[in-house]
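Trainee: Handing you a structure now.
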Amino acid sequence: MFGTIARFELRYQFRNPVFWVATVLFFLLTFGATTVESIRLGSGGNIFTNAPTAIAQIMLTMSLFFMFVTTAFVANVVVRDDETGFGGIIRSTKVNKLSYMLGRFSGAFLGAAVAFLAVPAAIWIGTWMPWVDPELIGPNRLQDYAFAFLVIALPNLLITSAIFFAVAIWTRSVTYSYLAVIVCMFAYFALTAMLRKWPDVSLAAYFEPFGTIAYGLGVRYLTPIQANTQSLELTWMLLSHRLVWMALSIALVIIAVWHFRFAERGTSPRGARRQAAREANLAAVSPLVVRQLPDSMPERGVWHQLRTRTLLEMKLVFKSPAFWVLALVGSINLLLTLTLAGRFYDVPPWPRTFVLVETVRGASALITVLMAIYFAGEVVWRERERRINEIIDATAVPNWVFLVSKLCGVAGVLIALSVGVVLVQSIAFQLVRGVADIELGQWLAWFAAPNIFYVIHLSVLSIVAQAVSPNKFVGWGIMLLYLVSTIVFAGLGLSHPLLNYAEASNPLSDMNGDDYGGATAWALRFYWTAFAAILVIIGHLMWRRGTAVTLAGQWRTLPARLRGMPLAIMALALAITAGMGSYLYYNMNIANHYWAGGDAEDMRTARYEKAYARYLGRPEPTLTDVRLDVELRPSRRWAQFDGRYRFSNATTRPIELLHVRIPAPTLRVEAIHVPGATLVSDDKENLHRIYRFAKPLQPGDQGTLTFRTVQEKRGLYALPSNLQAYEFDAQPAANGAYLTNFAFAPALGMSGANFLQGNKQRRKYGLPAGKTAPRLGDPAARNRNFASVDRVNTDITVTTDADQTLVVTGARVSETVANGRRTARFVSPIPSLNFITIQAGRYAQKSVDAGRGVRASVYYHPEHAMNIDRMLNAMVDSLNYYRDNFGPYQYGYARIIERPDYGGGANSAPGTVGYSEKVGFIMDFRDPHRLDFLAYLTAHELAHQYWFHQVMPADMQGAEVLTETLAQYSALMVMKKNLGADQIRQFLKYEQDIYLQGRRLEAAEEQPLAKVYRQGYIHYNKGSLVMYLLQDRLGEDRVNGVLRSLIKRYRSKPAPFASSSDLVDGLLAIARTPAERELVRDLFYRITLYDLRVSQATVRKMPDGRYETLITVAAGKSYADGKGNEREATFNEQLDIGVFRANPDDRGFTREKVISLQRLPIRSGEQTIRMITTSKPAYAGIDPYLTFVDRNVSDNVVAVTERGR
């Protein structure tokens, strides 16, 4: 019987349109993710589109979204017979409940599994498409598809099928099953976010049902070559996770079937009492006698009907259990997001209003969308589902009243939830977190009012989608396609605000409010409101009343019915949409520059390289002097720059051509003049000019260039979600203007810094593959510095509004205020790198004496005083360490200046560090056990005054070692001195993880540290680990001696510039043994990976009262090439072995909890260490402070267990 029912159900599902729609839909989604480069899913960098890991990731992701489909399959089998009237007939047969329900479930589950086969089929077919880059396609191996389907996808389908099957049994409602899908999705995302924060991620993986964490732990550190060639391993964690959750799913199905009542449902005693009460109340109602009907006033009656029906729709939604379930889910999701969002190194921000508004926008958006979609289907189709539509349709109510009342009902409910509840919860969160000054006006202006418009626009789209659909489920499908399209279009670069429905967001700032793009956002809301009116008219015309009116008939007669008031409103809305759209397009794309991003930006970069790369390496003039006169009009977001350059020929050959690069398409160039030279090329498309000298500039000769440029935000401008560098460096804001010469001043000479780097992108645009960096040791490259900037004397005069403070590169030599304008002059005390920053704002200032003639200052927004003393202390500590160990600091001032958070984090100009307001200024350090990343960040940026501004590397491989790696090391040493080595472990753990994950996403080839070039995960994260290990092994003072010599040799010197070889040679020179020299070579010239672990640790109490601990450790070492191929090497190092009272990974771990820490010789393989201590240890570890690049740091420390005597 079971098999017969299962086969019947499977055949039914194959005939079901839902099966074919789902199959086609997921085939197309997967096909697009496989064949469209910009929306690749599961692969990236050099990982093949059909790599085993990519196939598994695609199936994992699709199986999550497929739960919407599995619900349609398994929930339908529970209620279908009762809805069609066959339930009673089936119950009268000999079929038993177990066979009936399990057979139905099995058939539906198999149908869902067969439909999901469209996903692997789409991947396989996509790999054969002619437009797909063949370099991104690997061999198609059946075992890779089978593993991903059987181990990843199929168990997930079983889990979701079991959950929604059980919900359908307990509620007898398909609708509630779909509600459970929404709850499940949110629960999954919230659970995953929480579990990733757990200290023991391996244990956390078992609490996440879909295997995302369990699978991710096995592949997160794979290199591209490993991801492409190695079949996925069925690890014990993944296998046990799958078995546990499959067992739970089967148990859930059995329990649900056991509780299923197969008999015809009768009326319960409680239901009978309720029915009797209703009948009694109805009988007690006296008829209302109306002796005379009032005069007919239809125009007044219509508005009364609208109001009454709107209130009714809202009441019915509020009374729906689904509303309260979704509201609770949204509230929990919001609380988790508020708690976890905005953290740096797990340090939360102060809950300032502008931070929370941006957080709440994102946190509440998805639940708002899903509720709009869900309740739109419910309210539009309620009367038909309850079979009272003919009665309602016969009433004397216009069509538009039905449509608008349902629209207002859904919008009203969502406004009450998203504005009222969310607002109250967010403000309560602020109060709990200690914010006393609640900025209610900002909440209303920045969140409530914009969100009301967003909710209305969303409600319109959801209601109209239902109005033009043949049933509720098609309407839901249309809206889900809309959600998917927003993601796909963003990947394709089609994210223009005029195309992205209801898009009207803009960045917020405590310093500037919504000044940056606020007017644009409101204009977009007006534009989308007019467009929404068009949709409402379409929905009105498509509204069906009566049983004879069909959807197809409505479409055919729509043009004929478009007359009268609907036609007038439609014409007006079309005119406003077209007019406003044209006006916005002009402002965004013509008056201002719109950055499309993605392929458009890559294409422009490739075009520039093809046109001008041939000029790289030719003699170029050296800039020596920069004079600027700058006029700022902050309220207009306008700035004018009049500049004069002096340059000279410092080479040994004459220079015929002068290349001038315009830094940004947003910059308006009003004049550039080069005396003695003629403009021979003005390439406006590539922002490049070429001047030819009348007489070649001879060695030692000088020349001048004058210019006038204007940086301005005119009218209404688009706000790309990812600001380009020139947008970040050009912010003439009303308060906190931030301007750099990289955005407002012409640059002399050629630079390949912005050429495309990844092999995939370069191949796509016909460029030679590989990195464009000159090789380490290239003699010609030693004559070009890494930043393509010269050391110059600067003389800068800036005028702005009188209420603003000016902070500009250089020393302040004069300042005057007249006629409401402030003018200040800044002159560089010594030739400095041509990195000029101009900042102006209504700042507060605090300064301290940093000693040795240096004044440390912080300029900050008056409301952001929370961490100023912490910053100043970090500045003084850092300067003291650097001056003691590296040499003199070159300026009499060290300044940190806050700027609005419109992009970027922090950067270091001569004597000046710029921080965005979210980086440090508003972080909450009240928990003393959290990592003080602000002290680290301050130390890092000040270290650039040495490692960049004093020692400038050559433009070749390894350049970032001398800038970023040494800045990382310097900051770590300051932290170590102030906090102790025990507190560094937490930071090193972050660095380990980021480096190892970065290897997987490498777009070209991983390089050894000494040859790194624009690979952040190497020069930042691996560099920290390498330098910290070396100071631990070679000695901090001796390493600092090498760095001090490096600075002395290259401080502010012209070519030849420093290279990473200089650093490595110095470190080799101080190595005392062959093992130490080999360690230096391993860390800098090879890609070396270690595998250190503790297998077990046991302890026993000895007769003399001491404790004997036996620690079984294992060690391994391997070398990798740039693609990730590895070969084993012999490990023979001195390693730290320790026993502890607490886990070194615990927050707040201190030196007092170390019982014994010894450095012992460890060789390849497994060995046992015996340690005798006076205290009983709780934990034991190898390399407990994580100084080596270890691929699995979670097994470095284990709990100590008792053993017998």
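The values are calculated or read from the model by the stated rules, or taken from the named source; none is laboratory data. Note that this is a predicted model, so its numbers are computed, not measured. Neighbour counts are summed over all protein chains in view; Cβ atoms, including those assigned to glycine, are modelled from backbone coordinates with ideal geometry.
Trainee: Assuming Ser1095 fulfils every condition listed in (1) closer than 30 Å to Thr223 by Cα; (2) at pLDDT 90 or above; (3) surrounded by 15 or more Cβ atoms within 10 Å (Cβ to Cβ) apart from one, which condition is it?
Mentor: Among (1) closer than 30 Å to Thr223 by Cα; (2) at pLDDT 90 or above; (3) surrounded by 15 or more Cβ atoms within 10 Å (Cβ to Cβ), Ser1095 violates only (3).
Trainee: I've got another one for you. Report whether or not Ala1010 is surrounded by fewer than 24 Cβ atoms within 10 Å (Cβ to Cβ) and either touching a residue at least 40 places away in the same chain (Cβ under 8 Å) or touching a Phe, Trp or Tyr at 6+ places or on another chain (Cβ under 9 Å) (or both).
Mentor: Yes: the conditions hold for Ala1010.
A quick yes/no check of all residues on (1) closer than 30 Å to Arg1147 by Cα; (2) buried (at least 16 other Cβ atoms within 10 Å of the Cβ):
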| site | (1), (2) |
| --- | --- |
| Arg141 | no, no |
| Pro155 | no, yes |
| Ile163 | no, yes |
| Thr171 | no, yes |
| Thr175 | no, yes |
| Tyr178 | no, yes |
| Gly211 | yes, yes |
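Trainee: Using the structure shown, decide if Lys1053 is surrounded by fewer than 15 Cβ atoms within 10 Å (Cβ to Cβ), over 38 Å from the mean Cα position of the chain (by Cα), of a type outside the set (Gly, Ala, Ser) and not in a helix (DSSP H, G or I).
Mentor: Yes: the conditions hold for Lys1053.
Trainee: Follow-up question, since we're still on this one. Please find, among Ala981, Ala967, the residue that is out of contact with any Leu (no Cβ under 8 Å at 6 or more places or on another chain) and free of Cβ contacts under 8 Å to residues at least 40 places away in the same chain.
Mentor: After applying the criteria, what remains is Ala967.
Trainee: Quick one: in the stretch 8-54, which of the residues that are at pLDDT below 85 and surrounded by fewer than 16 Cβ atoms within 10 Å (Cβ to Cβ) is nearest to the chain's Cα centre (by Cα)?
Mentor: Ser38
A quick yes/no check of all residues on (1) among the basic types (Lys, Arg); (2) crowded, with 23+ Cβ neighbours inside 10 Å; (3) free of Cβ contacts under 8 Å to residues at least 12 places away in the same chain; (4) not in a helix (DSSP H, G or I):
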| site | (1), (2), (3), (4) |
| --- | --- |
| Tyr990 | no, no, no, no |
| Leu996 | no, no, no, no |
| Arg999 | yes, yes, no, no |
| Ala1003 | no, no, no, yes |
| Arg1014 | yes, no, no, yes |
| Tyr1017 | no, no, no, no |
| Leu1030 | no, yes, no, no |
| Arg1033 | yes, no, no, no |
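Trainee: Among Ala844, Ala865, Ala850, which is the only one that is closer than 27 Å to Asp515 by Cα and at pLDDT 95 or above?
Mentor: The conditions single out Ala844.
Trainee: What pairs can you find where one residue is in the stretch 123-148 and closer than 18 Å to Pro224 by Cβ, the other is of a type in the set (Lys, Arg) and not in a loop (DSSP other than H, G, I, E, B), and their Cβ atoms are less than 9 Å apart, with a gap of 6+ or different chains?
Mentor: Asp133/Lys760; Asp133/Arg763; Asp133/Lys764; Glu135/Lys760; Glu135/Arg763; Leu136/Lys760
Trainee: Something else now. Could you please find all residues in the stretch 968-982 being of a type in the set (S, T, N, Q) and closer than 18 Å to His929 by Cα?
Mentor: The answer is Asn978, and nothing else.
Trainee: So, one more: In the stretch 943-964, is there at least one residue being modelled with pLDDT of 95 or more, surrounded by fewer than 21 Cβ atoms within 10 Å (Cβ to Cβ) and outside any loop (DSSP other than H, G, I, E, B)?
Mentor: The answer is no; no qualifying residue exists.
Trainee: Just one of (1) over 30 Å from the mean Cα position of the chain (by Cα); (2) in a loop (DSSP other than H, G, I, E, B); (3) at pLDDT 80 or above trips up Val95, so point out which.
Mentor: Only one criterion in (1) over 30 Å from the mean Cα position of the chain (by Cα); (2) in a loop (DSSP other than H, G, I, E, B); (3) at pLDDT 80 or above is unmet by Val95, namely (3).
Trainee: Further question on the same structure: For the stretch 337-354, which positions are assigned to a helix (DSSP H, G or I) and surrounded by fewer than 21 Cβ atoms within 10 Å (Cβ to Cβ)?
Mentor: Thr337, Thr339, Leu340
Trainee: I need the full set of residues from the stretch 355-378 which are touching a Ser or Thr at 6+ places or on another chain (Cβ under 6 Å) and either assigned by TED's automatic domain parsing to the domain that holds Glu917 or in contact (Cβ under 8 Å) with a residue 40 or more places away in the chain (or both), in order please.
Mentor: Within the stretch 355-378, Leu356, Val360, Ser364, Thr368, Ala372, Ile373, Ala376 qualify.
Trainee: Here's a follow-up. Give Arg1203, Arg1106, Arg1170, Arg1147 a once-over and let me know the one that is loosely packed, with under 15 Cβ neighbours inside 10 Å, in contact (Cβ under 8 Å) with a residue 24 or more places away in the chain, within 28 Å of Tyr969 (Cα to Cα) and not acidic (Asp, Glu).
Mentor: Unique residue meeting the criteria: Arg1147.
Trainee: List every residue pair whose Cβ atoms sit under 6 Å apart, with the two residues 6 or more apart in sequence or on different chains, where the first one lies in the stretch 705-717 and is within 30 Å of Phe693 (Cβ to Cβ) and not assigned by TED's automatic domain parsing to the domain that holds Pro497 and the second, anywhere, is among the basic types (Lys, Arg) and assigned to a strand (DSSP E or B).
Mentor: Thr706/Arg644; Val710/Arg668
Trainee: Of everything in the stretch 698-745 that's charged (D, E, K, R) and more than 30 Å from the chain's Cα centre (by Cα), which residue is modelled with the highest pLDDT?
Mentor: Of everything passing the filter in the stretch 698-745, Arg708 is modelled with the highest pLDDT.
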